[in-house]
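What follows draws every value from the coordinates through simple rules; no lab data is involved. What you see is a predicted model, and the numbers here were worked out from it, not measured in a lab. Quick reminder, even Gly has a Cβ in these numbers, built from the backbone with ideal geometry, and neighbours come from all protein chains shown.
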Amino acid sequence: MPHPSGILGVFGVDWWSRRVVAAVKALIWMCSWLLWVVGLVLSALVGVEGLENGLARTPPMGWLAWQRFRCNTDCVNDPHNCISESLFMQMADLLVHDGYRDLGYNVISLDDCWMARSRDAQGRLQPDPYRFPSGIKALSDYMHKRGLKFGIYEDYGNYTCAGYPGILGHLQTDALTFADWGVDYVKLDGCYSHPSDMDRGYPEFGYYLNKTGIPMVYSCEWPWYQLRAHTKPNYTAIINTCNLWRNFDDIQDSWESVQRIIDYYGDNQDEIVANAGPGHWNDPDMLIIGNFGLSYEQSKSQMAMWAIFAAPLLMSVDLRTIRPEYKAILQNRAVIAVNQDPLGLQGKRIYKDKGIEIWARPIMPLSGIHYSYAIAFLNRRTDGTPSEISVTLRELGLANPEGYSITDLFDGVHYGIVQPDKRFKVDVNPSGVVLVRCEVAKHGAAGARAPFRPTPTDRSFRNPFHNNNNLFNNFGG
Ligand code: GLA
């Protein structure tokens, strides 16, 4: 084979190819360094990129420890109820064994008080060694083996609300630790931090979560802390950062507390309802059904209203002792289907007078320009006899000329096809609810139309509540 001549000949082909490879490597290194610097400058100028993780296309469902088990760390005197790995393992087994997981309740999440009081020598979070002796990775594996997702709690502050280590100063480390542990869901509280720092801090932690490459649902308390400090939340940023966010007080175990949340959602609906949608949800806090504070009627009311709100369904109840009638409420498939409706539109209060409220949520299927709706008739009165509510569907804004097929979602009664001008009556128990599903009836059996799927540019679907101008002229008549 002839030798190469000229300069190639002097240094040899191998020498030259090594130089070319080295030059290309140097170029790539310089470009990536340049991109990194540009990225850093841009993120400093425009703020940290928000989280888009493709998760929570319908509201998350699962079990969260806080409301029922709080910060009970006394495993010596109360081993059965203290915050420990065995409590979470028992709840996980029951989620599976008692059928909750298969209905969609598939996240099981720690809340406050799982940690040791200090970080380890490398600055990483660690669980309390006595209450979580197997470690968090083992607990997460336990959940995954049972087809469950594993959630964890931290706080964007110096401490959690109960005084355990917060994430400030450790954002990246904690995101990486959660990823190592196989965490699927992170609730980030906001005690011991300044609400004005949250506009930067919550997106920054979201950025680090995203950067781990492990998909984690991101649950924020950002707007709630800001509202408490009389600061207007930037919902555009919140929607682009969090999969769900709290915007009102912690739920307590009482009907009074549930009603305050319902009022907040109704009174502020013009600001908050439009923020909900696939991937990003308002979070009115946990379901307290099956605990001590709600009657049977009130429990159905919470379940129905959380379905209207397109709210995360996070049970916080002792699944070992829950009574069957409360379990049946939590496991009502028809109500869960409203909650999980794929359109992801949150419902609104469309009537309120003398203790009677009517709430409507647009749902699938659609026909022509008409939505189907879930309608909740909520009775806040305390007179000891049910209240009769009488309306026409047209008064509720439901004007499909073919009518609506109506089903009561708690007692299963089917009312058949009801035309928009036909008067429709329900009896609602004190502090109770009647939740009906009104599905658009299609043109006669032969001419049934395919469900209409609105596109964002279709103006006729901008406001599913557009039809309500003459609501309730004849209400109660
Ligand atoms: C805050 C949150 C609650 C719960 C507690 C834990 O109050 O809003 O949901 O996480 O902290 O300390």
query: T73 to Q172: extension gain in nm, 0.36 nm per residue of separation minus the Cα-Cα distance?
result: 32.8 nm
statement: Long-range amide H partners of L314, meaning residues 5 or more apart or on another chain whose placed amide H is closer than 5 Å, are G62, L287
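May I ask for the net charge around A307, where only other residues with Cβ less than 13 Å from the Cβ of A307 are counted and Lys, Arg are +1 while Asp, Glu are -1?
Details: positive: K300, R333, R361, R437; negative: D341.
So the environment of A307 carries a net charge of +3.
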- request: Would you pull out the residues with amide H under 5 Å of V186's amide H, same chain only if 5 or more places away, H placed 1.01 Å from N?
  value: I152, V217, Y218, S219
- prompt: Going through region 345-451, which trypsin sites (Lys or Arg not before Pro) have at most 13 other Cβ atoms within 10 Å and a DSSP loop state?
  reply: K354, K422, R449
- request: Compute the Cα gyration tensor for region 127-214, then decide on rounded, prolate or oblate, letting a ≥ b ≥ c be the square roots of its eigenvalues: rounded whenever a/c is under 1.5, prolate when a/b is larger than b/c in the other cases, and oblate in all that remain.
  value: oblate
task: Filter the cross-link list K137/K327; K354/K442; K348/K425; K145/K187 down to pairs whose alpha-carbon distance in this structure exceeds 27 Å.
output: K137/K327; K354/K442
message: With the cut-off at 1.5 for a/c, could you classify region 70-162 from its C-alpha gyration tensor as rounded, prolate or oblate?
response: prolate
message: With θ taken as phi - 60° and the coefficients 6.51, -1.76 and 1.60, list the Karplus ³J(HN,Hα) couplings across region 358-374 in order, rounded to whole Hz; mark glycine and proline as x.
response: 10, 10, 9, 10, x, 9, 6, x, 10, 9, x, 8, 9, 7, 8, 9, 9
statement: FRET efficiency for K145 and R320 from the Cβ-Cβ distance with R0 = 25 Å, rounded to 0.05, comes out at 0.75
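How much net charge surrounds I289 when only other residues with a Cβ under 12 Å from its Cβ are counted (Lys, Arg +1; Asp, Glu -1)?
Working: positive: R68, K300, R323, K327; negative: D253, E297, D318, E325.
Spelling it out: positives minus negatives among the neighbours equals 0.
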Placed amide H near W281: partners under 5 Å, 5+ positions off or other chain: L244, W245
